[in-house]
Structures are given as C-alpha cells and as structure tokens.
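Here is the structure we will look at.
Derivation of every value follows stated rules applied to the coordinates shown; laboratory data play no part. None of these values were measured; they are calculated from a predicted model. All Cβ positions, glycine included, derive from the backbone under ideal geometry; neighbour counts span all protein chains shown.
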Amino acid sequence: MNYFISFGFICLLVIKLVIGLQFEDCGSTVGKFTSIEITDCDTSKSSCVLHRNTNVTISLDFQVDEEISEVKSVVHGVIVGMEVPFKLPNNNACVDSGIECPLKKDQQYKYSATLPVLKMYPKVKLTVKWELQVGNSNGTDIVCVYIPAEIK
Ligand SMILES: *[C@@H]1O[C@H](CO)[C@@H](O)[C@H](O)[C@H]1NC(C)=O
Ligand SMILES: *[C@@H]1O[C@H](CO)[C@@H](O)[C@H](O)[C@H]1NC(C)=O
C-alpha cells in the first residue's frame, strides 16, 4: 500500500517537474533564491507569457552568505544564445525594491522589481536571465536565475 502511495507521489512529482515552470539557477554565488513570483505567470506552463505593453513584476525570495553593501539588478533576454540587455527603470536594487542595504548574512529578503515589456519588443521565446550583482563594479552574482518566457 505504502509502495503505491509513494509511487503515485513520485509520478506526480515527475509530471510537475517535466510540465511545470522551472527556474534554473545560472550561477548564484554569494546567495541563493528560494522562490520566485511573476505577475500573471502560469507556473503550470513551461514558460511565462510576458505581454507587450505591460509592466511585469518579479519578486524573488533570497538570502546572502555574507554582508553586501550595494546591489545591482541586471537583466538580459537570452535569444538563441545571444544575450540582449533589458532596460530597467531602476537598476539599483537597494532602492525601491523592498530590500534594505547592506544585506545581512542569512536574513530572508524579498526583492521585487518591475520589468517594462515594451510594445516594440519582438514576439519571441526567450530566457530571461535575472541577476542581482554585488554593486560597486564588482559584478559577482549574488543570485542568477533563468526564467523561461515568451513575449506575446
Ligand atoms: C509601466 O510603469 C511605468 C512607471 O510606473 C509607467 O510610466 C508606464 O506607463 C507603465 N506602462 C504600462 C504599459 O503600464
Ligand atoms: C566581490 O564581492 C564578493 C562578495 O562580497 C567578494 O567575495 C569579492 O572578493 C569581491 N571581489 C572584488 C574584486 O572586489
């Protein structure tokens, strides 16, 4: 009996992993993320639909391994292997992003930022590469996440 219950559970888990949205870590170095939310993103699908001419909000729960005084948001769209920078209205993650700098070791943070999806963007499937970097032209990734997406 237990065996069947476990088997069923594993099947569900596998189906969820295969079908659901996956946020891949692309090189978090001095931190790690625990969960991600994106407005209007259906996580049962394999990618997030980003509608043009809207502002998409991403929120990311993370923690850091050491104290960090300045944090910068860096966002790229990866389209067939090429990284195209996305313009953010505010790339200083210490300002208006729900986190207070300096970041302290092992504290839980909830970062949130707005990504304008402009009308002029092409309708493409892409991977959004969202990085929080150590500011001060250091550039070390605090967290880096790949978000499978599609601009529509
Ligand atoms: C997105 O947000 C910016 C800043 O608040 C605003 O100026 C702009 O009109 C918004 N764009 C859309 C499509 O809602
Ligand atoms: C960049 O920041 C990380 C994390 O705080 C630190 O470990 C590293 O030494 C810094 N590198 C430079 C070149 O300042």
message: Quick check for me: using +1 on Lys/Arg Cβ and -1 on Asp/Glu Cβ, what's the dipole size of the chain about its Cα centre, in debye to the nearest 20?
response: 680
- request: Output the Cα-based Rg and Dmax of segment 29-83 in Å, rounding Rg to one decimal and Dmax to a whole number.
  value: 14.1, 38
- prompt: Among Ser28, Tyr121, Ser137, which residue has its Cα positioned farthest towards the positive end of the charge dipole of the chain, with +1 placed on the Cβ of Lys and Arg, -1 on the Cβ of Asp and Glu, and the dipole taken about the Cα centre?
  reply: Tyr121
field: For the chain, alpha-carbon Rg relative to the globular expectation (2.2 N^0.38 Å, N residues)
entry: 1.14
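Which value at 222 nm does the chain reach when only helices count, each DSSP H run of 4 or more adding -39,500 (n - 2.57), with the total divided by all residues and rounded to the nearest 500 deg cm²/dmol?
Working: 1 runs with 18 residues, N = 152.
Calculated from helices alone, the mean residue ellipticity at 222 nm is -4000 deg cm²/dmol.
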